[in-house]
Amino acid sequence: MNHQGTKRIETERLVLRPFCLEDISYAYKNWTSDDKVTEFLTWPTHSNIEVTQKVIADWVERIKDKDFYQWAIVLKEIEEPIGSISVVEHNDLINSVCIGYCIGSKWWHQGITTEAFKAIIPYLFIEVGVNRIESLHDINNPHSGNVMTKCGLKYEGTLRQADYNNRGIVDVSIYSLLKSEWKNSQE
């Protein structure tokens with residue numbers, strides 16, 4: 001892969017960009033303190049803004065790393081970050097990345113996460129040189145799977161008791177999209 005880091009990407013409603021320290025209060029207000037958001041995630045709800053500050057400060061520091069991909073999902077309408085989308089894992093041997101995302105519950109079911117995910121796909125395939133994009137979700141969170149299928153990822157199967165999140169040990173469904181499949185869908 002040709003790692004290039006977190007680059008600004010714009011869509012009709014969104015700006016996807018690296019985080020900055022000014023995002024801390026918005027992140028805490030809009031999603032990191034929301035128990036509904038973290039129910040199916042691997043990190044706990046932030047109990048205070050200092051936790052969010054520590055996380056975002058780490059992301060800001062890591063922005064200089066070319067193999068670090070962590071975008072703030074900024075809704076143009078309000079000019080605030082309302083969530084994040086990132087490469088949570090990459091395997092350079094097989095040119096594969098795993099995508100994770102979350103947005104504040106106030107913005108659920110509006111197609112925002114799908115719009116953000118669709119926006120990073122061309123960047124990852126064309127500029128970074130990824131061959132496989134995958135993502136997975138707790139089987140009790142089917143809305144996350146809907147995002148994946150709307151982005152062209154195909155369901156591959158369910159891994160039994162293969163992950164851990166705030167609900168405990170869970171079954172997860174895995175989806176993927178290959179570069180060749182994506183290219184064919186663009187023609």
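The values are calculated or read from the model by the stated rules, or taken from the named source; none is laboratory data. Everything quoted here is computed from the prediction, not taken from an experiment. Every residue, glycine as well, gets a Cβ built from its backbone with ideal geometry; the counts of neighbours run over all protein chains shown. Calculation scope for accessible area: heavy atoms of the full protein, side chains included, ligands and nucleic acids excluded. Shrake-Rupley method; radii C 1.70, N 1.55, O 1.52, S 1.80 Å.
Where only DSSP H runs of four or more residues are counted, the chain gives -7500 deg cm²/dmol as its mean residue ellipticity at 222 nm, each run worth -39500 (n - 2.57). Heavy atoms of the protein chains alone define the surface here; on that basis region 17-146 has 48 Å² accessible area per residue at 1.4 Å probe size. When the listed pairs LYS150/LYS183; LYS36/LYS154; LYS150/LYS179; LYS64/LYS154; LYS7/LYS64 are checked against a 21 Å cut-off, the alpha-carbon distance exceeds it for LYS36/LYS154; LYS64/LYS154.
Taking 0.36 nm per residue of separation and subtracting the Cα-Cα distance, full extension of the segment from ASN131 to ASP92 would add 13.0 nm.
Scaled against the 2.2 N^0.38 Å expected of a compact globular protein of N residues, the Cα radius of gyration of region 133-172 reads 1.14. For ASN165, the amide hydrogen comes within under 5 Å of the amide hydrogens of VAL170, counting only partners 5 or more places away or on other chains and with H modelled in the peptide plane. Scalar couplings 3J(HN,Hα) for region 83-99, obtained by applying the Karplus form with A = 6.51, B = -1.76, C = 1.60 to θ = phi - 60°, are x, 8, 9, 8, 7, 8, 7, 9, 10, 5, 5, 10, 6, 10, 10, 10, 9 Hz; x denotes Gly and Pro. Only helices reaching 27 angstrom along their own axis (Cα) with mean Kyte-Doolittle hydropathy no lower than -0.5 count here, and not one DSSP H run of the chain does. Annotation: amide H of VAL88 within the under-5 Å range of CYS98, ILE99, GLY100, sequence separation 5 or more or interchain, hydrogens built in the peptide plane. What you get for the chain, charging only the Cβ of Lys and Arg (+1) and of Asp and Glu (-1), is a dipole of about 260 debye around the Cα centre.
In sequence order, region 22-36 has phi-based couplings of 5, 7, 4, 5, 5, 4, 5, 5, 8, 7, 6, 9, 9, 4, 5 Hz under the Karplus curve 6.51 cos²θ - 1.76 cosθ + 1.60, θ = phi - 60°, and Gly or Pro positions carry x. Of ILE78, ILE133, ILE112, the residue with the greatest mean-square motion in the GNM of the chain, using alpha carbon springs below 10 Å, is ILE78.
So what does the Cα-only Debye profile of the chain read at q = 0.10, 0.19 Å⁻¹, as log10 I(q)/I(0), no solvent term? Log10 of I(q)/I(0), two decimals: -0.38, -1.48. For region 67-171, with all protein chains in place and a probe radius of 1.4 Å, 47% of the accessible heavy-atom surface sits on carbon or sulfur.
Can you classify region 95-187 as rounded, prolate or oblate using the Cα gyration tensor, where a ≥ b ≥ c are the square roots of its eigenvalues, rounded means a/c under 1.5, and otherwise it's prolate if a/b beats b/c and oblate if not? Because a/c hits 1.5 or more and a/b fails to exceed b/c, region 95-187 counts as oblate.
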